[in-house]
Amino acid sequence: MKHLKKLVTFAILVTCSFQLQALIQQDLNQNQPPPVNPNGTPTSTFIIDDGTAETAIGDGGQFIWLNRFTPAASEFPFQLEEVSTVFAGTLVSVGDTIRILVYEDTDGDGDPGTGAVLLADITETIQFNDQLTFNVYDLPTPVRLDGPGDVLIGIVNSYGSEGFNDFPAALDTTASNGRSWAATYLAGDVPANPALPGDEQWGTIDSFGLPGNWIVRGAGTHIALPIPALNYIGLIVFMFMIIGLFIFRNKDTVN
Ligand SMILES: [Ca+2]
C-alpha cells in the first residue's frame, strides 16, 4: 500500500511536470501595424502566415517551432538563401542566441515526423523583438534542396534552458493552414542534430489547442540545371549520326 501511494504521488508529480512544460500562449498587442522587413520589400518565397502575430507561444524552455512548405516540383532544385521571422513576447531579448534548422522531407506524406533529414543547423541572434520588424537572416551558406517534397524551416530558442518561461514564437491565428509544428525533447534542451519527431511533445500547433501559423518564412532561388555537355566520344557518335542521317536522306532522294 505504501509503495502504491508512492507510485501515485510520483505519477501525479510527473503529470504536473508535463503540464508545466506544455506549450502555452501569451496574447500580443493587437494595436500595432504588421511587421515590416528592414531590407525593404519582403523577398520571401515560402510564406504560410498573414504577416501579423496575434499570440506568442512558449514552452518553459527550449523547443522547435517549424513550418512545412511544399514548393511545386518544378521549383526544385532550390537554393534556400534567407530565413525571416518575427519575435515578440516575454523574456525575448535582442542579442539572444537562436538556431535555424532546415530539413527536407521527400516522402510525400505531409508529416515532418517521418523521413525528415536535417540539412542545416545555423546559429544566429535575435535582431528585433518588437513585433514590428522582421528578423532577416541571410544564410552563411545557401541550403540546397533537391526535392520534390516538403521543406521544413524551424527556429529554436537556444538562449533559454528548461524552466525559462519565455514566449518567443510569434503565431498568426487568423486562419490556420495546419502546417505549423512544434517539437520538444525529453532531454529538456533541444539536442544537437534534433531528429523529428520530438520525443516529448510533437504535433501541429493546432493539436495543442493553439491553431495558427508560425511567422517563419524562407526565400531563395531555383537552381537552373546546366545543359549536359557532350564528351569527345559523345561528340564523335553525334557527328556520325548526323552524317548517317544525311547519307540516308540523300539515298532516299536518289532512289
Ligand atoms: Ca514525412
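The values are calculated or read from the model by the stated rules, or taken from the named source; none is laboratory data. Computed from a predicted model, the values in this text were never measured in an experiment. So basically every Cβ, Gly included, is an ideal-geometry build from the backbone, and we count neighbours across all protein chains shown.
Of note:
- Filter pass, residue 151 being of a type in the set (Val, Ile, Thr), within 27 Å of residue 73 (Cβ to Cβ) and touching a residue at least 60 places away in the same chain (Cβ under 8 Å): yes
- Criterion: touching a residue at least 60 places away in the same chain (Cβ under 8 Å) and in contact with a helix residue (DSSP H, G or I) (Cβ under 9 Å, 6 or more places away or on another chain) - qualifying residue of 196, 171: 171
- Evaluating residue 113 against the criteria (1) small (Gly, Ala, Ser); (2) surrounded by 20 or more Cβ atoms within 10 Å (Cβ to Cβ); (3) at pLDDT 95 or above; (4) in contact with a Leu (Cβ under 8 Å, 6 or more places away or on another chain) leaves one unmet condition, (2).
- Filter result for the condition that a residue is modelled with pLDDT under 95 and over 18 Å from residue 202 (Cα atoms), over 160, 149: 160
- Looking only at region 19-75, residues that are closer than 19 Å to residue 190 by Cα and free of Cβ contacts under 8 Å to residues at least 12 places away in the same chain come to 1 in all.
- Residue ranges of strands (runs of 3 or more DSSP E) in region 28-90 with at least 2 members polar (S, T, N, Q): 78-85
- Selection status of residue 139, of a type in the set (A, V, I, L, M) and at pLDDT below 95: no
- Test: residue 183 is more than 16 Å from the ligand (Cβ to nearest atom) and among the small types (Gly, Ala, Ser): no
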